[in-house]
Every structure is written in structure tokens, then in C-alpha cells.
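Written out below as C-alpha cells is the structure these notes cover.
Coordinate-derived values only; no laboratory data. Treat the numbers as computed from the prediction; the structure is a model and nothing was measured. Positions of Cβ are backbone-derived with ideal geometry, glycine not excepted, and every protein chain shown enters the neighbour counts.
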Amino acid sequence: MAASGAKRDKHFPLFAHDNLLRRLFSSPRKYCPYVKQDQIVADLGCGPGYYALALAESVGAKGRVYAVDSDEKAIRTVERKAAKRGYHNIEAHASSAANLSFIEDESVDFVLADGLLCSMAPQDHQSAVNEIKRILKPNGKAFLMAAKGSMSYVDKAEWEEILEGFKVERRNYESFLEDRWALVSKKHQ
Ligand SMILES: C[S@@+](CC[C@H](N)C(=O)[O-])C[C@H]1O[C@@H](n2cnc3c(N)ncnc32)[C@H](O)[C@@H]1O
């Protein structure tokens, strides 16, 4: 993963992440089947919490969701929504996914990185991938999703390189319509 200059994290208008159109085509509960009650989840690049809130409901009061985004506005929105719903199991951090020092080693059952790597500064990708490996439990799973196209910070070659560092449980291959995605776990040496 070569560093490619000083590109910066992309941040988005919050309405782009939660609107009627999105709800029609992609349920906020999309990733809930990957988690169980009481589990620990990290939603990296969580935006205003489209998936994080549903995941918090699924893991229940004894579980926890770390909601992490480098956009402070998005994190304040997650906190506001969690308070409104009375959820106390979301720990929101305005931080880059390249440094998750507030999450212990091998403590997370499920990492979600939907849209993270394609939006985050390329020079930080390797650190974020290392952090995902560090925080995942030995039997934990991570769902990685990266948009394609000229606006994306992840090209096909980098995507393949990232996946080589994991055990790939399921993935898609180049398809015209779909973004790149993979369900992965840690490689055990
Ligand atoms: C395409 S959006 C996806 C948001 C959310 N996962 C969703 O599906 O609604 C990408 C998100 O990654 C965040 N992001 C970009 N760089 C980041 C970084 N270095 N660390 C954490 N989040 C980052 C952006 O602020 C944005 O909220």
C-alpha cells in the first residue's frame, strides 16, 4: 500500500447517509444478522449512525458498539440519536480509524467498515487495516465494503492486497453494479 501524497479524509453531508431513498434500497438492519446479543461491535467510519444504531439494538444493553468517525459532526449526531433513543451501549469517538487506542486488543466480535477505506486518506489505510486486525477477537469477523470508481481511494489492486492480509470468508468479485465487499476474519499463522 504505497502512500499517495497528502489526500485527506472525505466527509459528507449528513443527509447523504440517512434519507428515504437509502432506507428504500438498503435497510439500516443490513448487518444485524452478523451480531448476537451482548457482543462488542466497532462501526468504523460510522457516519451519523445509519448502521450503528441498529447494531446497538441488536447487541442489547449488555453489548457495546464503538461508533468511530473522523467527522466530529457525524459523531455528535450519533450521540444525539443514541440519547434520544435511550441507548447507553454506544461509545462514540471522533477519531480516525487509523488510531483506535481506546479499543483493547482482541476485544471486538464484529467490525463494520462500510465505506471507510474508500473515503479515508490513503496514507492511513495500512494503519486502519492493522487496527482492525488488532481489535478483532481471534474468532471475530469484519465486513469491509469499499466503493469503486474514480472517486474511491481504493483501487482493485489495493483491495486485493488488503484481502490477502485476512482470511476471506465471503466476498464478491468485480461486478458492474456492486461496490466491493468482503466478510473476513484474522489469518491465524
Ligand atoms: C461513505 S461514508 C459511510 C458512512 C457509514 N458507514 C454509512 O454507511 O452510513 C464514509 C465515512 O467514513 C468517514 N471517514 C473518512 N475518513 C475516516 C477516518 N480516517 N476515520 C474514520 N472515519 C473516516 C467519513 O467521515 C464518512 O462518515
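State which residue is farthest from residue 118 (Cα to Cα) when the search covers only the range 29-49 and only residues that are in a loop (DSSP other than H, G, I, E, B) and within 9 Å of the chain's Cα centre (by Cα). So the residue we want is 46. Checking the stated criteria, residue 14 turns out not to satisfy the condition of being within 11 Å of the ligand (Cβ to nearest atom), within 30 Å of residue 157 (Cβ to Cβ) and touching a residue at least 24 places away in the same chain (Cβ under 8 Å).
Does residue 36 satisfy the condition of being touching a residue at least 12 places away in the same chain (Cβ under 8 Å), within 8 Å of the ligand (Cβ to nearest atom) and basic (Lys, Arg)?
Numbers: touching a residue at least 12 places away in the same chain (Cβ under 8 Å): yes; within 8 Å of the ligand (Cβ to nearest atom): no; basic (Lys, Arg): yes.
So residue 36 does not fit the description; no.
Counting only residues that are surrounded by 20 or more Cβ atoms within 10 Å (Cβ to Cβ), among the aliphatic types (A, V, I, L, M) and either part of a helix (DSSP H, G or I) or away from the ligand (no atom under 16 Å from the Cβ) (or both), the range 134-166 holds 3 of them.
The condition of being of a type outside the set (Val, Ile, Thr) and on the phi > 0 side of the Ramachandran plot holds for only one of 18, 38, 9, that being 38. Against the numbered list (1) within 14 Å of the ligand (Cβ to nearest atom); (2) part of a loop (DSSP other than H, G, I, E, B); (3) more than 29 Å from residue 157 (Cα to Cα); (4) not basic (Lys, Arg), residue 88 comes up short only at (1). Cβ separations smaller than 8 Å between residues 6+ apart or across chains give the following pairs from the range 93-115 residues that are touching a residue at least 24 places away in the same chain (Cβ under 8 Å) and more than 17 Å from residue 141 (Cα to Cα) to residues that are within 8 Å of the ligand (Cβ to nearest atom) and of a type in the set (S, T, N, Q): 94/70; 95/70; 96/70; 102/95.
With the structure loaded, tell me whether residue 58 is of a type in the set (Ser, Thr, Tyr) and part of a helix (DSSP H, G or I) or whether it fails that test. So residue 58 fits the description; yes. In the range 107-133, the qualifying residues are those that are aliphatic (A, V, I, L, M), within 13 Å of the ligand (Cβ to nearest atom) and part of a strand (DSSP E or B), and the one that is surrounded by the most Cβ atoms within 10 Å (Cβ to Cβ) is 111.
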